[in-house]
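The values are calculated or read from the model by the stated rules, or taken from the named source; none is laboratory data. What you see is a predicted model, and the numbers here were worked out from it, not measured in a lab. As a convention, Cβ positions derive from the backbone with ideal geometry for all residues, glycine included, and neighbour counts pool all protein chains shown. Each accessible area value is taken on the protein alone, full model and side chains, heavy atoms only, with ligands, DNA and RNA left out. Shrake-Rupley method; radii C 1.70, N 1.55, O 1.52, S 1.80 Å.
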Amino acid sequence: MKIRSTSIAVLAAVPLALAGCAAGPAPAPPPKAAAPSPEGVAWVGRMCGLVGGFSASQKQLPPVDKTNTATLKKTVIERIDSAVGSADGTIQGLKGLGPSPIAGADQVNEGFQQGFTQVRDLLQGAGDKAKQIDPTNEQRFQEGMTGLQQELQKGQQLNLQDKLEQLDHNEELKTAAEQAPDCKQFFAQPQQQPPG
């Protein structure tokens, strides 16, 4: 199994950022490693659930109301604040996992914590910018929204894909992730070859 980059794209595509991410072809799965402990599978599953939960929450952000500049500003700030809260909740959840029963998995968790901290901090900075936008002057409002969008697009440079790829380099961790239902969202299923 190969980790899909598209599932993690949502993490970097913070609200209003317009970039997408394409998944590459999935190579054939490598041979199975030794079976991880049930505790290891459960721990990795909780980690995947937290990461995936953030991705899912980004699809449930409050809508943007473009009725006028004041409502647009208000709803953009609400959207950003909601995403900040989701990122912070993910960080706290990852910190609360405790030590992993799988060697090397704690480094993956720490990498995710650092990545989500970057996402949260970027969103908080964007939220601060959004609060300073003047909705009473059309030109200043447009300039402010353009600046806000540029700030949010910095999120495209935050790439947590390398954190997911660490799952692929630790055989026990990868096997645990393959067995944990909450991790299935991060794996691309190999293409079935027709019998030859």
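What to note about this one:
- Of 74/95; 59/184; 74/129; 95/163; 95/154; 73/129, those spanning more than 21 Å from alpha-carbon to alpha-carbon: 74/95; 95/154
- Considering only the Cα atoms of the range 56-140, their convex hull presents on average a projected area of 6.3 nm².
- Pairs of Cα atoms farther than 12 Å apart, the range 127-172, %: 69 percent
- Take the Cα of residue 185, step 7 Å toward its Cβ, do the same at residue 59, and the gap between the two points is 0.8 nm.
- Given their separation in residues at 0.36 nm each and the Cα-Cα distance between them, residue 124 and residue 92 gain 9.9 nm when the chain is fully extended.
- Of the residues 47, 145, ranked by 1.4 Å probe accessible area with the largest first, the sequence reads 145, 47.
- Residue separation of residue 136 and residue 153 scaled by 0.36 nm, minus their Cα-Cα distance, works out to 3.6 nm of gained length.
- Heavy-atom accessible surface of the range 35-121, averaged per residue, reaches 45 Å², computed with a 1.4 Å probe.
- With viscosity 0.692 mPa s and temperature 37 °C, the Kirkwood radius over alpha carbon pairs of the range 95-196 converts through Stokes-Einstein to a diffusion coefficient of 193 µm²/s.
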